[in-house]
Amino acid sequence: MDSHYRKQLNRRYFTGLLMTFGLITILAILMFSSGLIAAEISNTKKTNSEQLTDVKTKTIFLVRHAEKESGNDPFLTAEGKIRAQNLSNVLQSVPLDAIYSTDYNRTQDTAKPTASVQSLTITSYNPRKLSDFATAIKANHHQRILIVGHSNTTPELVSLLGGIAGDEIVEATEFNRLYILTIDHQEQQTSSVLLRY
């Protein structure tokens, strides 16, 4: 077995482990969130719209777009398309309510596999108005949201939503961050987890 093939096998093995760990973490967060939501909904009968106003916990998944080609408004590379599919695989057991992306080829193409699997429409947002967007996300009724952005906008949006962004994203090489924010509106608290996918 040559060393190149062995490296590929090792890389796939570790990628599989990371994806499994990420999925377990996501499921744990969603189970915790579901418990909080259930505790907040009263036992009286309510309409769907009234139940939406009772939702106190929101889970938000944020990623930078996957690997891109060069040029103005580039599309994803072959590696980037694989990463976009990996994102869809990681989130396949999470019933998302909404998917948001900036209106660029690389971000839209990163969101498309997940949107396709979950039969959701991608809603565009303006990366130059992140503060307004963060306020709208906190206020809307969606419980589970995916947001696709850029190396500079994603950490900033994490911070605006009350999470911990960590170090700056390395523009040239870092495409694998998956932030998971859980916002508890009743307690006015946001918890954040950073995974790699």
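What follows is calculated from the coordinates using simple rules that are stated; it is not laboratory data. All of these numbers come straight from a predicted model, not from anything done at the bench. In this analysis, Cβ positions are derived from the backbone assuming ideal geometry, glycine residues included, and neighbour counts consider all displayed protein chains.
Taking loop as defined by DSSP and a crowding limit of 13 other beta carbons within 10 Å, which GluC sites (Glu not before Pro) in segment 143-176 fit? Sparse-neighbourhood loop GluC sites (Glu not before Pro): Glu168, Glu171, Glu174. Restricting the calculation to Cα atoms, segment 54-197 shows an Rg/Rh of 0.94 when the hydrodynamic-style radius is the Kirkwood one.
Note on segment 46-197: lysine pairs with Cα distance below 12 Å, sequence gap of 8 or more or different chains, count 4. Couplings 3J(HN,Hα) of segment 78-90, computed from phi: 4, 5, x, 5, 5, 5, 4, 5, 4, 4, 4, 5, 5 Hz, in residue order, whole Hz [Karplus 6.51 cos²θ - 1.76 cosθ + 1.60, θ = phi - 60°; x for Gly and Pro].
Summarising the overall dimensions of segment 105-165 from its C-alpha atoms, the Rg and Dmax are 11.8, 30 angstrom.
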